[in-house]
Amino acid sequence: MDFDAVLLARLQFAFTITFHIIFPVFTIGLSAYIATLGVLWLRTDAERYHRLMQFWVKIFAVSFAMGVVSGIVLSYQFGTNWSRFSVVVGNVLGPLLGYEVLTAFFLEATFLGILLFGFNRVPPWLYVLSAAVVAAGTATSAFWILSANSWMQSPAGHEVRDGIAYPVDWFAVVFNPTFPYRLAHMVHAAYLTTGFVVLAVGARYLLAGRHTDEARTMLRMAIGLTAVLAPLQVLIGDQHGLSTLQHQPTKIAAMEGHWDSSKPADFHIFAWPDQKAEKNYFEISIPHGSSLILTHSWNGLVPGLKDVPPSERPPVVSVFFAFRIMLAIGFFMVASALFGAFLWWRGTLFETRWYLRVMSQMWWIGFVAVISGWVVTETGRQPWIARGILRTADAISPVSANHVLTTLILFVVVYGIVFTMGIYYINRLIESGPRPSAPHDEESLPNRPIAAAADRGREVFGGGS
């Protein structure tokens, strides 16, 4: 059987990045939450903030480690499967990725050591400062990665000589046209994702009658955050969509399932796009809805898929449905966060058990929204890997399809094992819950921090309490 090497390489990268992205997104939001807990602990001296900080640091450590492991695999794929991509755009993207390592990863790694093993070994202010620096490092990492990704969507500040892209204006490269919107949208998504995880854990504890002080604190902080950020994310997403309409109109046409630019665009709540027939089936639509959103005019016209040849169109079905999944989750977040804020205002938040039961199961929705958004972003720019510079089919390495298939299967098996164990360990940490700080153990020397981690691991897996 003959396999398509380009398709397999794309599937392999999509598989590995789907696993990878959930961990940086979580650690970006979680590090900021940990730093906030630390500041509250210093200001109020309330023990519950300290217990929560220590509890979430353990979960952060596991998530950070899995993010690093999965990220290393992605970097190797640039050389093994996408060497032509590195040749053509490496002069631009290589430095951006290098800046991420120099300004973010080294910063995170240095202060993460203090955060994980420094309690009872450094002053409280320094311990909290390390949490804040780690949070700043994760946000800085997002800055550079999203700058590089946005440049691939809307290249700027470069020139192409003999088929190779060279930077000529680094400010224009870094702050390319779609970058500010993508950065704001993604960072907000990270905070919302973490907010709903914290909300779910707090609801879970409160329903079980365990760690009630910490659970109430988590609920108040999560709802306070999400009630502000979820509606704001809708506004940011709208601006991001308008930017995408300007720079990647074909992607917008695929997101909307809009074919004919001569007619106002309806918003399709549901439809089944058929690329061969160039039409939609089973449409359930709001007349003129997309025109109103995208042009702010009832009869506004937007580009359609028929405006470009079939070879220039992205896979419409995946982009169309991924966008609707992201949109549905986004509006659910807005509704659930605002309703939670209403219950808090009424003074019935902690007693409304049906709401707590629903929220206790909603830890996953932010991750699904982020993955759906990345499907829209990455699939929607096809057939270009760097728009207007290099097509995806021309970026592949001279590697056989069988080799790519073999490594894809190995990745599925290894990732399945490693990440199942990681998620299992995180769940056990959550089951164990926040605990009072252990007194300083004189035998746990500063030069033996792994001993403390090993003891904690035995405690969790052994079920000790």
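The values are calculated or read from the model by the stated rules, or taken from the named source; none is laboratory data. Quick caveat, the model's predicted, so the values are computed rather than measured. Reconstructed Cβ throughout: ideal geometry from the backbone, glycine too, with neighbour counts over all protein chains shown. Calculation scope for accessible area: heavy atoms of the full protein, side chains included, ligands and nucleic acids excluded. Shrake-Rupley method; radii C 1.70, N 1.55, O 1.52, S 1.80 Å.
Between the residues G202, S285, Y99, the greatest Cα displacement towards the positive end of the dipole of the chain, with unit charges on the Cβ of Lys, Arg, Asp and Glu, is found for G202. Model label points for L301 and V69, set 7 angstrom from Cα along the Cα-to-Cβ axis, are 5.5 nm apart. Across the range 384-427 the C-alpha pair distances fall into 5 Å bins from zero in the proportions 5, 18, 13, 13, 13, 13, 12, 9, 3 percent. Prolate is the label for the range 81-188, because a/c, from the alpha-carbon gyration tensor with a ≥ b ≥ c as root eigenvalues, is 1.5 or above and a/b exceeds b/c. For the range 235-321, applying the loop criterion from DSSP together with a ceiling of 13 other beta carbons within 10 Å to the chymotrypsin sites (Phe, Trp or Tyr not before Pro) yields W298. Sorting W354, W151 by solvent-accessible area of protein heavy atoms yields W354, W151, largest first, with a 1.4 Å probe.
Our helix-only sum for the chain, with -39,500 (n - 2.57) per DSSP H run of n ≥ 4 divided by its residues, gives a mean residue ellipticity at 222 nm of -24000 deg cm²/dmol. Once neighbouring chains are kept in place and the probe is 1.4 Å, which whole percent of the accessible area of the chain is contributed by carbon and sulfur? Whole-percent figure for carbon plus sulfur exposure: 67.
In the chain, the convex hull through the Cα atoms has an average projected area of 25.1 nm², a quarter of its surface area.
For the chain, the membrane-span-like helix rule (DSSP H, alpha carbon extent of at least 27 Å along the helix axis, mean Kyte-Doolittle at least -0.5) picks out 5-44, 47-80, 124-153, 179-208, 212-247, 316-346, 401-432; this says nothing about an actual membrane.
Shown here for the range 53-116: chymotrypsin sites (Phe, Trp or Tyr not before Pro) in loop regions (DSSP other than H, G, I, E, B) with at most 12 other Cβ atoms within 10 Å, of which there are none.
When Rg is the radius of gyration of the Cα atoms in the range 145-271 and Rh is its Kirkwood radius, what does Rg/Rh come to?
With Rh from the inverse mean 1/r over Cα pairs, Rg/Rh is 1.16.
Solvent exposure of the range 160-286, expressed per residue, is 43 Å² of accessible area, with all protein chains present and a 1.4 angstrom probe. By the compact-protein rule of thumb, 2.2 N^0.38 Å, the alpha-carbon radius of gyration of the range 1-129 corresponds to a ratio of 1.37. Report the percentage of all Cα-Cα pairs in the range 104-154 whose separation exceeds 15 Å, rounded to a whole percent. Roughly 49 percent, rounded to a whole number. The largest-to-smallest principal axis extents of the Cα set in the range 201-331 are 60, 27, 25 Å. I need the Debye-formula profile for the range 1-54: one equal scatterer per C-alpha, no solvent, reported as log10 I(q)/I(0) at q = 0.17, 0.24 1/Å, two decimals. The Debye formula, applied to the Cα set alone, gives -0.64, -0.86.
Quotient of the Cα radius of gyration of the range 313-388 and 2.2 N^0.38 Å, N being its number of residues: 1.51. Take the chain, mark every one of the GluC sites (Glu not before Pro) that falls in a DSSP loop and has at most 11 other Cβ within 10 Å, then report the longest stretch left between them, sites excluded. Here the longest segment lacking exposed loop sites spans 1-441. Straight-line cross-link reach from K251 at under 25 Å between alpha-carbon atoms covers these lysines, not counting any fewer than eight positions away in the same chain: K263, K276, K279, K306. Residues whose amide H falls under 5 Å from that of S397, counting only those 5 or more places apart or on a different chain, are W82, S83, R84, with hydrogens built in the peptide plane.
Residues whose amide H comes within less than 5 Å of that of I269, counting only those at least five positions distant or on another chain, are I284, S285, I286 (H built at 1.01 Å from N in the peptide plane). One compactness figure for the range 290-357 is 1.80, namely its Cα radius of gyration divided by 2.2 N^0.38 Å. Of K279, K263, the residue with the largest accessible area leads and the full order is K263, K279 (1.4 Å probe).
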